[in-house]
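First comes the structure, then the notes that go with it.
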Amino acid sequence: MAIDYSTDVGMVRLIITDVAETEAEQLLSDDQIGAFLAMYGDNVNRAAAKALRTIAASEVLVSKKITTQDLSSDGPAVSKELRALADSCIAEAEGVEMDDAGFFEFIPNGYAKPEGAEARL
């Protein structure tokens with residue numbers, strides 16, 4: 001069945017790139033994504049962040065860092081990148097803009113501005 005990207009579950013799938021067309025190939029079930037949405041008040045970015053962190057934890061537990069002959073797998077490195085993606089989802093959920101280096105700044109009016117930029121009013 002095709003993924004409906006207009007639904008919250010579909011949007012979370014798109015953000016976390018869990019877009020395999022068959023349920024057997026998807027990392028998370030619709031029920032699992034629905035649970036993340038329920039945990040975070042149907043906030044798509046926060047649910048996606050939690051999904052990414054869950055996948056990252058699984059990657060570390062299952063893949064670890066393995067090197068054999070000319071094949072290697074670096075679960076901790078993959079996990080680190082997934083957690084960075086989760087951080088950007090949280091920043092977006094909070095309405096914070098991150099600069100190119102991944103840093104963000106809060107300003108008193110509730111908006112964020114990258115370093116050296118003028119605040120949006």
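Answer yes or no: is there a residue in the stretch 38-46 that is in contact with a helix residue (DSSP H, G or I) (Cβ under 8 Å, 6 or more places away or on another chain), surrounded by 12 or more Cβ atoms within 10 Å (Cβ to Cβ) and touching a residue at least 60 places away in the same chain (Cβ under 8 Å). Within the stretch 38-46, not a single residue is in contact with a helix residue (DSSP H, G or I) (Cβ under 8 Å, 6 or more places away or on another chain), surrounded by 12 or more Cβ atoms within 10 Å (Cβ to Cβ) and touching a residue at least 60 places away in the same chain (Cβ under 8 Å).
List the residue pairs whose Cβ atoms are under 8 Å apart, where the first residue sits in the stretch 3-24 and is among the hydroxyl-bearing types (Ser, Thr, Tyr), the second is surrounded by fewer than 16 Cβ atoms within 10 Å (Cβ to Cβ) and part of a helix (DSSP H, G or I), and the two are 6 or more positions apart or on different chains. What qualifies is 5/14. Residues that are hydrophobic (A, V, I, L, M, F, W, C) and surrounded by fewer than 17 Cβ atoms within 10 Å (Cβ to Cβ) were ranked within the stretch 22-36; the one that is nearest to residue 1 (Cα to Cα) is 24. Filtered by the rule that a residue be out of contact with any Lys or Arg (no Cβ under 9 Å at 6 or more places or on another chain), among the aliphatic types (A, V, I, L, M), surrounded by 10 or more Cβ atoms within 10 Å (Cβ to Cβ) and over 20 Å from residue 84 (Cα atoms), the stretch 1-19 gives a lone residue, 9. So is residue 117 at pLDDT below 80 and either buried (at least 17 other Cβ atoms within 10 Å of the Cβ) or touching a Lys or Arg at 6+ places or on another chain (Cβ under 7 Å) (or both) or not? So residue 117 fails the test.
Residues are listed down the side, and each one gets a yes or a no for (1) under 21 Å from residue 93 (Cα atoms); (2) touching a Leu at 6+ places or on another chain (Cβ under 8 Å):
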| site | (1), (2) |
| --- | --- |
| 11 | yes, no |
| 35 | yes, no |
| 59 | no, yes |
| 77 | no, no |
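Screening residue 99 with (1) surrounded by 14 or more Cβ atoms within 10 Å (Cβ to Cβ); (2) at pLDDT 80 or above gives one miss only, at (2).
The values are calculated or read from the model by the stated rules, or taken from the named source; none is laboratory data. Just so you know, these numbers come straight off a predicted model, no measurement behind them. So basically every Cβ, Gly included, is an ideal-geometry build from the backbone, and we count neighbours across all protein chains shown.
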